[in-house]
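Everything below concerns the one structure shown next.
Coordinate-derived values only; no laboratory data. Keep in mind the model is a prediction, meaning the values are calculated, not measured. Quick reminder, even Gly has a Cβ in these numbers, built from the backbone with ideal geometry, and neighbours come from all protein chains shown.
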Amino acid sequence: MTRSLVLAEVIDGVLAPVTAQAVTAAASLGGDVVLAVVTQEPHDLIEAASLVGVTEIVTVAAPGSDRDHEQALAAAAALVADVDPDQVLAGFTIRSSAYAAALGHLLDLGVVTDAIALRRDESGPLIATRSVYDGRVHAEVELDASRPGLVLVRPSTWEAAEPGGSPTVRSLAVDLPESRVRSVELVRPSGDVDLTRADVIFSVGRGVGSQENVAVFAEVAAKFGAALGSSRPIVDAGWLPASHQVGQTGTTVKPRLYVAFGISGALHHLAGMQNSQTIVVVNSDKNAPLFGHADVGAVEDIHDVVEQLNLLA
Ligand SMILES: Cc1cc2nc3c(=O)[nH]c(=O)nc-3n(C[C@H](O)[C@H](O)[C@H](O)COP(=O)(O)OP(=O)(O)OC[C@H]3O[C@@H](n4cnc5c(N)ncnc54)[C@H](O)[C@@H]3O)c2cc1C
């Protein structure tokens, strides 16, 4: 029976959403799913970590900050030795990127980043799918079956595992090295928005035309309780901070509803929003490629539509 070790991502004492998604990815492989929680007070997170599909939670008390990658590396290496998994999963995030390559090197693991699908035959190798060439091609990467593979899964690609599981819990004492990393201050970008947590996103593209018009869409989005996303040209123009950008080099999102205003549907943008539950596209060009991914489409001028929405709100 296969065994997966999922390395939880803890940010400021809270489990990041990608952890529950990585649990779903691990559970899809069958077998045991061991969720490791490494933070200052891991016992505070046991309820949040008791997700459906998790068979065991292993906690490691780590004195440093949740951003301490030396501590994360040492704890992950000890966990792999203790759990002896067939595969190790974590989110593909800035945090895991700080230690995953070092972990792969230290333990001689095969490493796959930005995985969008995973499968494993009972006796065969783990096969991870990555999208390459700007999303034009999907590549299947086969990991050496004789040793664990380390797979970093793309956020917002798997459904989040639900709370309410009943895993066993144990703690692992790890002698963590004195860290050389000091976290001085967390400076969030101004206008910061966490699109990964948004239920509804209104997203604006180049069709919006001007920074003044972005403000109109921002106002209407707020009235509907939606977060404001954008395509890259809007960020490149300086009309919105980078935290609003959806896409391959922006944020990957999976809201219940994604409404795209004046966005053509380039592969780079699609890579970040195509897993949204319902996609609504408003574009004056009926041939815009994004219509091919829409559940609902309107060939309309976005300024007329936003005016109507403003009246409705
Ligand atoms: C390495 C790399 C990484 C990239 N990463 C990203 C990324 O993460 N995210 C991202 O979004 N892009 C990214 N891009 C850019 C991407 O390739 C596209 O250029 C970009 O997504 C296009 O944005 P857009 O759809 O807003 O603009 P356009 O392609 O110019 O489309 C504008 C659309 O608005 C419509 N429109 C115009 N006026 C109106 C109106 N009044 N009413 C209705 N519709 C109207 C037009 O018909 C058109 O379809 C990346 C590019 C590269 C090279």
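Structural remarks
- Counting only Cβ charges, +1 for Lys and Arg and -1 for Asp and Glu, the dipole size of region 1-155 around its Cα centre is about 420 debye.
- Cα-Cα pairs of region 60-102 separated by more than 16 Å (percent): 37
- The long axis of helix 69-83 is offset from the longest Cα principal axis of the chain by roughly 60 degrees.
- Here the chain is treated with +1 on each Lys and Arg Cβ and -1 on each Asp and Glu Cβ, and its dipole about the Cα centre works out to around 440 debye.
- Using a Gaussian network model of the chain in which every pair of alpha carbons under 10 angstrom is joined by a spring, one finds that among Leu150, Leu35, Leu257 the greatest mean-square fluctuation is at Leu257.
- For the chain, a Gaussian network of Cα nodes joined below 10 Å ranks Ser276, Ser50, Ser171 by mean-square fluctuation, and the top entry is Ser171.
- Taking the Cα centre of region 157-212 as reference, the dipole from Cβ charges on Lys and Arg (+1) and Asp and Glu (-1) amounts to some 160 debye.
- Taking the centroid of alpha carbons for each part, region 80-107 and region 180-224 are 31 Å apart.
- Adding -39500 (n - 2.57) for every DSSP H run of four residues or longer, then dividing by how many residues the chain holds, sets the calculated 222 nm ellipticity at -7000 deg cm²/dmol.
- Overall shape of region 3-171 was characterised from the C-alpha gyration tensor. The equivalent ellipsoid obtained from it has semi-axes of 23, 17, 16 Å, in decreasing order.
- Relative to the longest principal axis of the Cα atoms of the chain, the long axis of helix 17-27 lies at roughly 60 degrees.
- Computed as a quarter of the hull surface, the mean projected area of the alpha carbon convex hull for the chain stands at 16.9 nm².
- The chain: angle of helix 302-312 to the longest principal axis, Cα-based, in degrees nearest 10: 80
- Since only Ala237, Ala215, Ile201 are under comparison, the one whose Cα sits farthest along the positive direction of the charge dipole of region 195-312, derived from C-beta charges on Lys, Arg, Asp and Glu, is Ile201.
- Working from Cα pairs under 8 Å separated by at least six residues, relative contact order for the chain is 15 percent.
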